[in-house]
Amino acid sequence: MISQTEENYLKAIFKLSEQSDKPISTNAVSKELNTSAASVTDMLIRLSKKDLVNYAKYKGATLSDEGSRLATHLVRKHRLWEVFLYDKLGFTWDEVHDIAEQMEHIRSEQLVDRLDDFLGNPKFDPHGDPIPDADGNFAQRQQYLLASLNNSEVGVVVGVQEHSSAFLQYLDKLELVLGAKVQIIDKYDYDGSIKILLNEEKEQIITNKVAQNIFVKT
């Protein structure tokens, strides 16, 4: 048994590891969890003693096989609860994360497996992130950043890179939600902004920052 705080550290390292193939620095974990570097160092030492992370001072941390297994299971629970909250209870995609953060610490594997079956074994959560199955396998698909598309290319929104409530609420206002069809009309060199045709009916201009945080399939 490990504590909820320890679970949060494992999940944070897992998330950061998805963005880099190098050991995760103490400062990166500190920023991710909004805690002091000294506290992170103490926790990494504790997790290392439990053989959940591989940690070397000044070099950073990686998850051990067991640490990766536990972190993947946490991600599985979190994303399944997000689907449940979104599909069955009517929460919006900007509301589900914080609630799922609380529910992911429920330890019953039987409950999680039944939840998965009840939901129809979804492959992706409301933000388009893949949900690992009971064996820890993630669904794969080809996706691209909206900003990488060229003029006249068309994509369908399948996910977001940023998960903040403010960003998701902004996308709702733009109607740039999952399933939206986007065609690139023009790209402006001056500031990287992009003119798009949304759902074959509405033209609008989005910033490069927005386009860099939306995943599409073509």
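The H on the amide N of residue 131, modeled in the peptide plane, is under 5 Å from the matching H of 124, 125, 139, each at least 5 residues off or on a different chain. Available extension along the chain between residue 204 and residue 18 is 63.8 nm, counting 0.36 nm per residue and deducting the alpha carbon span.
For the pair residue 156 and residue 193 in one chain, pulling the backbone fully straight at 0.36 nm per residue adds 11.5 nm over the alpha carbon distance. Applying the Karplus relation 6.51 cos²θ - 1.76 cosθ + 1.60 with θ = phi - 60° to the range 123-140 yields 3J(HN,Hα) values of 9, 9, 8, x, 9, x, 7, x, 9, x, 7, 4, 8, x, 8, 9, 5, 10 Hz, where x marks Gly and Pro. Only protein atoms count toward the accessible area here, which uses a 1.4 Å probe; on the chain, the carbon and sulfur part of that area reaches 47 percent.
In a reduced charge model with +1 at each Lys and Arg Cβ and -1 at each Asp and Glu Cβ, the range 97-217 shows a dipole moment near 360 debye about its Cα centre. Peptides 191-197, 104-110 ranked from most to least packed, by the mean per-residue count of other Cβ atoms within 10 Å: 191-197, 104-110.
Annotation: amide H of residue 61 within the under-5 Å range of 24, 25, sequence separation 5 or more or interchain, hydrogens built in the peptide plane.
Label sites at residue 35 and residue 111, each approximated as a point 7 angstrom past Cα along Cα to Cβ, lie 2.3 nm apart. Pairs exceeding a 27 Å alpha-carbon distance, out of 15/202; 11/173; 15/123; 173/217; 31/195: 15/202; 11/173; 31/195.
With all protein chains kept in place, the per residue accessible area of the chain amounts to 56 square angstrom at a probe of 1.4 angstrom.
The values are calculated or read from the model by the stated rules, or taken from the named source; none is laboratory data. Everything quoted here is computed from the prediction, not taken from an experiment. Backbone-built Cβ (ideal geometry, glycine too); neighbour counts: all protein chains shown. In case anyone asks, the SASA skips ligands and DNA or RNA and just uses the protein heavy atoms, side chains included. Shrake-Rupley method; radii C 1.70, N 1.55, O 1.52, S 1.80 Å.
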